[in-house]
Structure formats: C-alpha cells, structure tokens
Amino acid sequence: MNLEFGILWFEDAFNPGEVDSIREAASNSGFEASIRNSADGSNLAELAQEQAVYHPFDLILLDLNLAGGVKGDALAPQVRKLFRSTPILFYSGSVEEADLRRRMADERIEGIFCAHRRRFLDRAAEMISDLAQSLDRLSGMRGLAVEVVAVADSLCKDIVLAISAQGLADGADKKLSAQVVQSAQRIVEDFPRLDGLTAQLDHRAVDSMKLFGTFRDLLRVAIREKEDGEEKDHLSAMQLATKNFRAEVLEKRNILGHATEFKSKDGWEIRNSNGDTIMTTHDFPALRRHFLSNLKAIREIHHLLVPQQAE
C-alpha cells in the first residue's frame, strides 16, 4: 500500500479537465493519481509486463474509439486477459451504456464496468472511491504510516547532511547529542517511579524487544508450573513455535520500518539507508508466512493463559 493510485488510461482525445477531475477523485480518497496514457493500446504487452513486475495500475480506463481506428471493444479481451484482476471501466461518447454492456457480453468478457461519457467521470470517481475504501484497513494504514515515516526520515537526513555540507549546521551534532541524552535521562528518571507492572508495560521505554524478552521469561515459568499433560505439552510446542519471533518478526519490522523501495529490472527492491538491497518484494510471501505462524502461536498461548472474558 502506498500513496499513489495508478491509472492506465486508453484514450486518444481526453482533455485537461477530465485529467483534473480524475486527479481530484484520487485526492479526495487520500491518494495521488499516477496516470499513464496509451492512445491505441499498441504497447499493451509492455504495460502488462510492467503490471506483472511492479503492479503500478489500480484501475484501467478504456475508451471505445482510439487512435488509428482501434476499437476499445476489440482491445478489451486482450486487456482483460493480460490484466486479470484489475478493474476496467469501458466508456464511449457515441454509444449508450446498455450497448457497451452488450458488446462485452457478446465477447464474454468478465469484470468490465461500462459508462456513457456523460457520466464517465462520475463513474470513475465512484470506482476510485470504492477501490480506496477496500484498502481502508488498520493493517494497511499501519504499513503506510511506517512507509511514510521511513521516506520522511530518509529525506530529512539527506537535507540535514546537505545543509551541514554548506557549513550552515555548526553545532548541530552537539544539539542532536543533547536531545538523545536528555530523552534517555528522562526515561531513567521516570521509569523506576512507575507504580506496578501495568504502568511499566505501557511506558514507551518498553519496546517490542524488551516486551518479548519478558514474555519469554515468564512463559518458561508458567510452563514449568503446569502439571504434566496435554496443555503443558501444547504450551511447550507454542513456545518453540515463537523461538524465532525476534528474527522473523521484530527484526524484519525494524528493517522494513527504516527501508525504502526502488525499481529494478526484476521488480521492487527494498533498500536500507545505505542504499544496499536487503530484500525484494518476492520475499514478501515468506515474510507474511513467518508473521502469521508466529502470531498464531502467540494467540494460542494467549488463549491458554489469559482468562477469557464473557461476551
């Protein structure tokens, strides 16, 4: 999930007003429209290959009458075949919506939305809004927040170093050191004064690594105190299932939280702040499997050890 909403637009005669309307529709949903135009679909195979590698297009807009006499209904079967799950809006200023639908039905093309040009912009805006809402999940927004902060951090570091290189940052290193030391001192002073384990667990000084360390220590105690039997064996199995949680989840979270993505000929690369490639999007399925297996194990431990509240 990122802040760009990619649109592939097959059209040879759109006007600036239409482009502005599409950009506004994306903006209203919190995205920046990234529009690619093809006047006749002659580069369809190239665009499809780009979609397979980078997935830059979230929506396809297809006009009936294209440059060179190319017809959108003749192009539509190829577009659907090459862009198997990308939503397509087929439109025309000379043919009514019902006829456009009949043409798609005659060609047995599935998943094509149709509109006459007089309501094309409204329909496109509705589709952008609907597609954007499908991304409105907490997990996606968390990931987006991490990405935005990572990019902002990278830009801010470059700006600070550039200003420093101009000789305009005299004493900046000392100021930064003072901020870090002051923050650490506040934690050292405040943390011991907290009343009880709950308050300590809620303090920002207790990061995920420290929390997981405490969890593992106490889990060993809980398992040791359990009577021999099926539940103890199950807890031990779940403990074993989370033994790589630091490496498979926490460290990967930290890496991704401070990484940025770059285009390579093989797809998106994930690079660290030094510009080194640390993974690619092809590694993401394995990452998700590790995330899920660890989370399942911790949920199972939670189910076994935490009293369940009545609904």
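A few notes on this one:
- Long-range neighbours under 9 Å by Cβ, at least six apart or interchain, first residue on the phi > 0 side of the Ramachandran plot and not assigned by TED's automatic domain parsing to the domain that holds Trp9 within the stretch 113-130, second of a type in the set (A, V, I, L, M, F, W, C) and not in a helix (DSSP H, G or I): none
- Helices (runs of 4 or more DSSP H) within the stretch 1-101 that include 3 or more residues closer than 21 Å to His116 by Cβ: 16-28, 72-82
- For the residues Leu138, Leu144, the requirement of being surrounded by 12 or more Cβ atoms within 10 Å (Cβ to Cβ) and under 32 Å from the mean Cα position of the chain (by Cα) singles out Leu144.
- Condition met for Ile270 (within 24 Å of the chain's Cα centre (by Cα), farther than 20 Å from Ile298 by Cβ and assigned to a helix (DSSP H, G or I)): no
- Any hit, the stretch 18-29, residues being without any contact (Cβ under 8 Å) to a residue 40 or more places away in the chain, in the same structural domain as Ile112 (by TED's automatic domain parsing) and in contact with a helix residue (DSSP H, G or I) (Cβ under 7 Å, 6 or more places away or on another chain): no
- Residue selected from the stretch 193-214 under the condition among the charged types (D, E, K, R) and outside any helix (DSSP H, G or I), by the criterion farthest from Lys157 (Cα to Cα): Asp195
- Residues in the stretch 63-86 that are over 16 Å from Ala105 (Cα atoms) and either in contact with a helix residue (DSSP H, G or I) (Cβ under 7 Å, 6 or more places away or on another chain) or among the polar types (S, T, N, Q) (or both): Asp63, Asn65, Leu66, Leu82, Phe83, Ser85, Thr86.
- Residue-level check: of (1) at pLDDT 90 or above; (2) over 22 Å from Val148 (Cβ atoms); (3) of a type outside the set (D, E, K, R), His282 misses just (1).
- Screening Leu218 against (1) within 30 Å of Gln185 (Cα to Cα); (2) at pLDDT below 90 leaves a single unmet condition, (2).
- Selection status of Ile255, closer than 26 Å to Leu211 by Cβ, modelled with pLDDT of 90 or more, of a type in the set (A, V, I, L, M) and in the same structural domain as Leu219 (by TED's automatic domain parsing): no
- The condition of being part of a loop (DSSP other than H, G, I, E, B) and over 28 Å from Ala145 (Cα atoms) holds for only one of Asp217, Asp170, Asp190, Asp233, that being Asp170.
The values are calculated or read from the model by the stated rules, or taken from the named source; none is laboratory data. The structure displayed is predicted, hence computed values, not measured ones. Here Cβ is always computed from backbone atoms with ideal geometry, including for glycine, and neighbour counts include all displayed protein chains.
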